[in-house]
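Written below as structure tokens is the structure these notes are about.
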Amino acid sequence: MEQFTCLFSYFEGYRVLSVEEAEGKKGREYVFTLEPEPGRELLCSHCGASCSAVHDRVERRVTDLPVFGYPARLLLPRRRVLCPSCGPRVEALSWLGPNARYTNRLAEYTASLLSAMTIQEASGMLGLDWKTVRGIDKGRLQRDFGALDMHGVKLLAMDEFAIHKGHRYATVIIDYETRRVLWIGKGRTRAELRPFFEALSPEQRVQIQAVAMDMNASYELEVQKFCPQAEIVYDLYHVVAKYGREVIGRVRVDEANRVRSDKPARKLIKGSTWLLLRNRENVTREADKLRLEEVLKANAALMTVYVLKDDLKNLWKQADEKQARSLWDSWLERAMESGIQALAKFARRLAPYVEGIVSSCRWKLNTSVLEGINNRIKVIKRIAYGYRDDEYFFLKIKAAFPGVGR
Ligand SMILES: [Zn+2]
């Protein structure tokens, strides 16, 4: 037993009576039998008060850090104290949560393993069932990220993302200023979004000044219902992405068809899609710049939609509302008179939403925060795929966006 004693000082308030080897589900295990040290102060796990009497005790089996590579189980009586203010409550211990089936140090070690490896790898290393490892991780995430914290939140951004291969969706709501994920829920309808707003106090609803989003009627209606004072701001990233798909994508295909008989011209257009969709400042290689110039010079329609993309983005960069409005008017006119059908159609559909674009100049919401979050969620999903546990997946997302300084 001496070779284990260095492990025992952790069990504050308890002493180890015996160590045995046993056959567990996955082979050898160590079983430590513990007993409370007599004469120690009893504390209530609910309020921390000192208590004078033990109410009752139940035998509890708890998992601890592996010992010499083998799983370690603790057998101990868990006591309930008689708290003067709370009544019977579990005794507070520094190393074991009130209802935990594993020690705090196992939870901490597991969390540190999971920052560098998958659940399967960590469970192999700990000699524990993968469901146990996931349970430990989920418990920690729930404790740290489970509650809705609206402290200091004034600007929101909301967005949807696909959960499973594009046919199930979830909504994510973030604090725009700190990029902290506040809330995630299944679905994207008004009813599915409502639990977030219902969880807010009247004061918290009033403190929301603006909400950035894609052009999405359900989101907008819910914001208007619960936070009527908040301004709706359309996110640049979504509008430009839509423009890329519906206008540039369409015109590129039409242009390639127009020059069908001219093989090199067709090849030039087909090979330039990514250049056309990329921001001009991100095209840095000389060869790419020349190619972009070449394709734009040879195709008037592509040139028009490319230039109008840049001007569309400028709408989000205006210093005041008047400038934004006059830029919009000229943009709309050029789009409608371009003779390019896909462009005119896009402009017509965007026109009713112009208030949400003009309002962007009053709020500094024109970064691509949502784009960045959306991309990182895709990565988390790839890693979390196979858990089949939405709640766990959502907690993982919250943990990945704890927020940065305001
Ligand atoms: Zn108490």
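Within the range 115-149, track down each residue that is of a type in the set (S, T, N, Q) and surrounded by 13 or more Cβ atoms within 10 Å (Cβ to Cβ).
T118, S123, T132, Q142
Does R57 satisfy being at pLDDT 90 or above, within 36 Å of the chain's Cα centre (by Cα) and not in a loop (DSSP other than H, G, I, E, B)?
no
Yes or no, residue by residue, for (1) within 23 Å of C6 (Cβ to Cβ); (2) modelled with pLDDT of 90 or more:
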residue: D64; (1), (2): yes, yes
residue: L74; (1), (2): yes, yes
residue: R89; (1), (2): no, yes
residue: T103; (1), (2): yes, yes
residue: A107; (1), (2): yes, yes
residue: Q120; (1), (2): no, no
residue: D129; (1), (2): no, no
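For the range 310-370, give me every one of the helices (runs of 4 or more DSSP H) that falls completely inside it and has 1 or more residues that are in contact with a Ser or Thr (Cβ under 9 Å, 6 or more places away or on another chain), assigned by TED's automatic domain parsing to the domain that holds E255 and touching a residue at least 40 places away in the same chain (Cβ under 8 Å).
321-336, 341-350
Can you find a residue that is surrounded by 14 or more Cβ atoms within 10 Å (Cβ to Cβ), within 16 Å of the ligand (Cβ to nearest atom) and among the small types (G, A, S) anywhere in the range 52-61?
no
What single numbered condition from (1) touching a residue at least 12 places away in the same chain (Cβ under 8 Å); (2) over 26 Å from G127 (Cβ atoms); (3) not hydroxyl-bearing (S, T, Y) fails to hold for G27?
Unmet for G27, out of (1) touching a residue at least 12 places away in the same chain (Cβ under 8 Å); (2) over 26 Å from G127 (Cβ atoms); (3) not hydroxyl-bearing (S, T, Y): (2).
Here are some conditions: (1) closer than 14 Å to E12 by Cα; (2) within 16 Å of the ligand (Cβ to nearest atom). P36 meets all but one. Which one does it not meet?
If we test P36 against (1) closer than 14 Å to E12 by Cα; (2) within 16 Å of the ligand (Cβ to nearest atom), just (2) comes out false.
Could you run through the range 79-125 and say how many residues are away from the ligand (no atom under 16 Å from the Cβ), outside any loop (DSSP other than H, G, I, E, B) and within 22 Å of P38 (Cβ to Cβ)?
The number of residues fulfilling the criteria is 1.
Tell me whether the range 126-147 contains one or more residues that are within 16 Å of the ligand (Cβ to nearest atom), assigned to a loop (DSSP other than H, G, I, E, B) and more than 23 Å from the chain's Cα centre (by Cα).
Checked the range 126-147: no residue is within 16 Å of the ligand (Cβ to nearest atom), assigned to a loop (DSSP other than H, G, I, E, B) and more than 23 Å from the chain's Cα centre (by Cα).
Is it the case, given these coordinates, that E286 is under 30 Å from S326 (Cβ atoms) and over 28 Å from the mean Cα position of the chain (by Cα)?
no
Here are some conditions: (1) modelled with pLDDT of 90 or more; (2) not in a loop (DSSP other than H, G, I, E, B). L276 meets all but one. Which one does it not meet?
Evaluating L276 over (1) modelled with pLDDT of 90 or more; (2) not in a loop (DSSP other than H, G, I, E, B) leaves (1) as the failure.
With respect to L75, determine if the residue is hydrophobic (A, V, I, L, M, F, W, C), in contact with a Leu (Cβ under 6 Å, 6 or more places away or on another chain), away from the ligand (no atom under 15 Å from the Cβ) and not assigned by TED's automatic domain parsing to the domain that holds R134.
When the stated conditions are applied, L75 does not pass them.
For the range 1-29, which positions are under 39 Å from the mean Cα position of the chain (by Cα) and either in a strand (DSSP E or B) or within 16 Å of the ligand (Cβ to nearest atom) (or both)?
Within the range 1-29, G24, G27, E29 qualify.
Would you check which residues across the range 39-51 are at negative phi and away from the ligand (no atom under 16 Å from the Cβ) and list them?
Result: R40, single match.
What's the number of the only condition in (1) at pLDDT 90 or above; (2) at negative phi; (3) not hydrophobic (A, V, I, L, M, F, W, C) that E2 fails to meet?
Unmet condition: (1).
Give the range 151-175 a look and list any residue that's within 13 Å of the chain's Cα centre (by Cα) and either part of a loop (DSSP other than H, G, I, E, B) or in contact (Cβ under 8 Å) with a residue 60 or more places away in the chain (or both), or say none.
Listed by number, the residues that qualify are A157, M158, D159, F161, I163, A170, V172, I174, D175.
The values are calculated or read from the model by the stated rules, or taken from the named source; none is laboratory data. Remember, it's a predicted structure, so these values are computed and weren't measured experimentally. Using ideal geometry, Cβ is built from the backbone for each residue, glycine included, and neighbour counts are taken over all protein chains shown.
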